[in-house]
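Chemist: Input: one structure, supplied below.
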Amino acid sequence: MFDENIYLMDDRREEGDVLPVFSMGDDELMFDDNYKKVMPILALKNTVLFPGVVIPITAGRDKSIKALKKAEKDDKFIGVITQKDMTSEDPSPEEMYSVGTVARIMKIIKMPDGSTTAILQGRKRFIPGEYFINEDMIAAEVNPIEDEIPENNMEFNAMISTIKDYAKKIIELSPNIPSEANLMLQNIKNNGFLINFITSNMNLEVEKKQEILEAGDFVFKAGLVMNAMNHELQLLQIKGQIEAKVRGDLEKQQKEYFLNQQLKTIQEELGGNPHEEELNRLGELAAKKRWPAYAKEAFDREMVKAKRINPQIAEYSVTLNYLELMLDLPWNEVTRDVFNLAKVRKVLDKDHFGLEDVKNRIIEHLAVLKLKGDMKAPILCLVGPPGVGKTSLGKSIATALGRQFIRMSLGGLHDESEIRGHRKTYIGAMPGRILQSIKKAKSSNPVFILDEIDKLGKDFRGDPSSALLEVLDPEQNSTFHDNYLDLDYDLSKVLFIATANSLSTIQPALLDRMEIIEISGYSTEEKVEIAKRHLIPKQQKEHGLKQSAVALSGHIIENIIQKYTRESGVRSLDRSLAGVMRYIAKKVAMNEKYNPKISDLEVYEALGPVKYDRDQYIQAEIPGVAVGLAWTSVGGDILFIEASVSKGKGKLSLTGNLGDVMKESASTALSYIKAHAGVLQIDPESFENTDIHVHVPEGAIPKDGPSAGITMLTAITSALVNKTVKPFLAMTGEITLRGKVLPVGGIREKVLAAKRSGISEIILCEQNRRHVELIPQEYIKGVNFIFVSGMDQVLEHALGLKTK
């Protein structure tokens, strides 16, 4: 509130009796002075003199000193006016305000530095008239202003009361104002002097003080003072709140520091600081660690930082976690591979039946590694239907090689940071799942299964498949960069094996980096062997049955496969065998008598009615029905195509949820039949008044692809010539308008599906012969293959029609 550059004086003349505040009693503004008409004028800088207030003035300008001496010599009265321009050393009348204060010189003191200090007491306001200026000083006519203080004005009295309250609060909030100031304000009885006194001592701009001085109405003047005090009070309150908050924070920090120092001292007395011990432990582990020079340099740098950080702040735990990760990673730590190739092959054969391509590729890799001593691990991708053992094969490979095994499921993964990690500056940051898995394995050369790589997602958080490009590129993964680790890590020794059900959803750039090994579905014979070697012993163990408690013959297992499952893998077979084991376990637990050798009747009691009848559809007893072969995500299957003719206008109808390619195949087949109607003994004119309807059952399932071309041709021709298709015959192949049969894919799956369904003859394109030769002969025993190159050969074998 108070301006520290202003002092209030009493009227005692003794030198040095200077008091900070002073009250003059009940007649503070009751001055009955006789003033000369013309008196010397003193120009003030940076302050305003109010009536009744005593202030010291230091005069340094010659005119000011001469004016003070002149006034003291005459009658001790001098006119005091504040100048507008504070920089002017010789202000003109225009540069001074229009209202001033008559002052009485109470004392003049000669200071040691040569300046003159005058103690002035304001007496009355005045308006300067004519100015008289000479070289020595400025003088002016003085026109005193008589102020009338309201006595019974309720508004004015309320304002005075508010001003006193404001003053009390300001004194309490201002540490530089002594508490005695409150008592002094209470002793001021004259309300006019109270306003002048408070205004003089407030830290206001000169222009604002001059505005209050010039105000003639005391009610208006009190309003100006009250507003200024309200603003000052608000500033002090806000300042107090800020200081209290800062003081509280500082006290909290000081308290924490003090407690930490006490704790540190206690710990030292008891035998050491745990934080220092932790860092020392990490340092000892780092000294024994085998890692690259750049990793050691980064660790040392972070260790120096950790020793400087206060353990109580969050950054310390972040740095500590980072140091622990660096120590936990197996930088140059690898397991020794088993180079006994015969033993490796034996382990692979024991765990998995079939899958020769994968086993051969692993043996080849080990052979090169044995001869060369070091090579980059291959990136394999096993593609096949569900349940054929792609994932479990990875664990078997790890066991055979003597390596650690890691499995990471990528199904539904959307966030790129799951692969690369987060930057450690983020709250809750952690390394990516690649490095986390390597850390768990404690080896730099594990077998790493990337399961379901075809089911990676993509959204606003990034594209994980793009992040995998670096992981699965042998030329780049030796310097894999994780955002959290922020250092290069060598993944080139890791044997990555990806698994997928389909290649169509894998990013082309990612697909190009992997060595694709297709795993087709199992034949019935393979499933029987898998059940005997793996599934039945596993289910017996899981159901608490002894080996002698149940016996399943090859015939029973084959019946379960053909009548209760329809799949490429063995998951449904495993569940069916579990159902049989539960049936036996119930009898054993209830002490019921039973024959351990399971019969067809007991299979029926355990699994219920037959789910699939292989002879249900394949015997075509009416014209227009042909059996095709299809590839699905769960392996091969048989596909039935039905055609019928009726009187109409030559319209071709296609139903059964067919795709565009299948629809085009039907149109191509019909065009071929029309072109060769004479050879096929069909009346060409009959097409104009005959409607043809082609339907593929199971309409809820979408179907597409060119491989049903020859099947549609056979079905339509069979309906038009009214001849049934040869029984137990299936076919697959693409057709052209020229009458050629083109090769198709998925031959192994399709052939095995036909074998499972009881098909005895299969028509294929001549160019698919090489695919059939890759299938072990024992799996296709009893199936006759007919290889064709033209559509006329198809009709000859299927319908007995001679087209040449």
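The values are calculated or read from the model by the stated rules, or taken from the named source; none is laboratory data. Not measured: the values here are computed from a predicted model. Cβ: placed from backbone, ideal geometry, glycine included. Neighbour counts: every protein chain shown. Side chains included, ligands, DNA and RNA excluded: accessible areas come from the protein's heavy atoms. Shrake-Rupley method; radii C 1.70, N 1.55, O 1.52, S 1.80 Å.
Chemist: Give the ranking of LYS63, LYS36, LYS395, LYS359 by solvent-accessible surface, highest area first, calculated with a 1.4 Å probe. Mind showing how you got there, number by number?
Modeler: Numbers: LYS63 55, LYS36 95, LYS395 120, LYS359 5 Å².
Most to least solvent-accessible, the answer reads LYS395, LYS36, LYS63, LYS359.
Chemist: Now for a different question. Quick one: of LYS723/LYS750; LYS350/LYS455; LYS252/LYS307; LYS541/LYS563; LYS36/LYS69, which pairs are farther than 21 Å apart, Cα to Cα?
Modeler: LYS723/LYS750; LYS350/LYS455; LYS252/LYS307; LYS541/LYS563
Chemist: May I ask you to give the percent of accessible area on segment 550-707 that is carbon plus sulfur, with a probe radius of 1.4 Å?
Modeler: The computed percentage sits at 50.
Chemist: Continuing with this model, one more query. Report the relative contact order of segment 455-598, percent, no decimals, based on alpha-carbon pairs under 8 angstrom and at least 6 residues apart.
Modeler: Computed over segment 455-598, the figure is 19 percent.
Chemist: Looking at ILE198, PRO311, SER396, which one has the Cα that reaches farthest to the positive end of the dipole of the chain (charges on Cβ: Lys, Arg +1; Asp, Glu -1)?
Modeler: SER396
Chemist: Which chymotrypsin sites (Phe, Trp or Tyr not before Pro) does segment 317-398 hold that lie in a coil by DSSP with at most 14 other beta carbons within 10 Å?
Modeler: Counting only loop positions with at most 14 other Cβ atoms within 10 Å, the chymotrypsin sites (Phe, Trp or Tyr not before Pro) in segment 317-398 are PHE339.
Chemist: Which ³J(HN,Hα) values, rounded to whole Hz and listed in residue order, are derived for segment 33-48 from phi using the Karplus coefficients 6.51, -1.76 and 1.60 in 6.51 cos²θ - 1.76 cosθ + 1.60 with θ = phi - 60°, glycine and proline given as x?
Modeler: So the Karplus estimates, Gly and Pro as x, are 9, 10, 9, 5, 5, 10, 9, x, 10, 10, 7, 9, 10, 6, 7, 10 Hz.
Chemist: Looking at segment 724-804, what % of its DSSP beta bridges pair antiparallel, to the nearest 5?
Modeler: Antiparallel bridges: around 25 percent, rounded to the nearest 5.
Chemist: Taking amide H positions as placed 1.01 Å from N in the peptide plane, with prolines and chain starts having none, which residues 5 or more places from GLY628, or on another chain, fall under 5 Å of its amide H?
Modeler: LEU639, PHE640, ILE641, MET731
Chemist: Can you tell me, using C-alpha contacts under 8 Å and at least 6 residues apart, the relative contact order of segment 754-794 as a whole percent?
Modeler: 55 percent
Chemist: Another one. Are any of the pairs LYS343/LYS781; LYS674/LYS703; LYS45/LYS245; LYS296/LYS442; LYS305/LYS376; LYS164/LYS255 more than 29 Å apart by Cα-Cα distance, and if so, which?
Modeler: LYS343/LYS781; LYS45/LYS245; LYS305/LYS376; LYS164/LYS255, as the Cα separations exceed 29 Å there.
Chemist: Tell me which GluC sites (Glu not before Pro) from segment 677-770 have a DSSP coil assignment and no more than 16 other beta carbons within 10 Å of their own.
Modeler: When the GluC sites (Glu not before Pro) of segment 677-770 are filtered for loop state and at most 16 Cβ neighbours within 10 Å, GLU698 remain.
Chemist: Kindly sort HIS352, HIS676 by accessible area of their heavy atoms, largest first, with the probe set to 1.4 Å. Before the final figure, lay out the partial values.
Modeler: Values: HIS352 20, HIS676 65 Å².
The residues order as HIS676, HIS352, largest area first.
Chemist: Sequence gap at least 6, Cα distance under 8 Å: using those rules, report the relative contact order of the chain to the nearest whole percent.
Modeler: About 7 percent, as a whole number.
Chemist: Between segment 123-178 and segment 45-97, how many Å separate their Cα centres?
Modeler: About 17 Å separates the Cα centre of segment 123-178 from the one of segment 45-97.
Chemist: Here's a follow-up. What percentage of the solvent-accessible surface of segment 77-154, computed with a 1.4 Å probe over protein heavy atoms, is contributed by carbon and sulfur atoms?
Modeler: 50 percent
Chemist: Once each part is reduced to its C-alpha centroid, what is the distance from segment 444-515 to segment 327-375 in angstrom?
Modeler: Comparing the Cα centres of segment 444-515 and segment 327-375, I get a distance of 21 Å.
Chemist: Under the classification rounded if a/c is under 1.5, otherwise prolate if a/b is larger than b/c and oblate if not, where does segment 423-516 fall, given a ≥ b ≥ c as square roots of the Cα gyration tensor eigenvalues?
Modeler: oblate
Chemist: Roll a 1.4 Å probe over the protein chains and send me the accessible area per residue for the chain in Å².
Modeler: 50 Å²
Chemist: What is segment 409-450 by shape, rounded, prolate or oblate, if you read a ≥ b ≥ c off the alpha carbon gyration tensor as root eigenvalues and call it rounded for a/c under 1.5, prolate for a/b larger than b/c, and oblate otherwise? The partial results should precede the final answer.
Modeler: Values: a/c = 3.28, a/b = 1.33, b/c = 2.46.
Oblate, since a/c reaches 1.5 and b/c is not below a/b.
Chemist: Next question. Within the chain, what percent of beta bridges assigned by DSSP are antiparallel, to the nearest 5?
Modeler: Percent antiparallel among DSSP bridges in the chain is about 60.
Chemist: On to the next question. From the C-alpha gyration tensor of segment 556-703, pull out the three semi-axes of the equivalent ellipsoid (sqrt of 5λ each), sorted largest to smallest, in whole Å. Before the final figure, lay out the partial values.
Modeler: Details: eigenvalues 456, 46, 27 Å².
So the three semi-axes of segment 556-703 are 48, 15, 12 Å.
Chemist: Within the accessible area of segment 739-787, what % is carbon and sulfur when the probe is 1.4 Å and the other protein chains stay in place?
Modeler: 49 percent
Chemist: Can you list which of the GluC sites (Glu not before Pro) found in segment 459-537 are DSSP loop residues with at most 10 other C-beta atoms within 10 Å?
Modeler: Qualifying residues, ordered by number: GLU475.
Chemist: While we're here: In deg cm²/dmol, rounded to 500, what helix-only [θ] at 222 nm does the chain give when every DSSP H run of at least 4 residues adds -39500 (n - 2.57) and the total is split over its residues?
Modeler: On the way: 26 runs with 331 residues, N = 804.
-13000 deg cm²/dmol, from helical runs alone.
Chemist: How would you rank 482-490, 598-606, highest first, on the average number of other Cβ atoms within 10 Å across their residues? If you can, show how the numbers build up before the last one.
Modeler: Numbers: 482-490: 18.1, 598-606: 15.1.
In descending order of packing, they fall as 482-490, 598-606.
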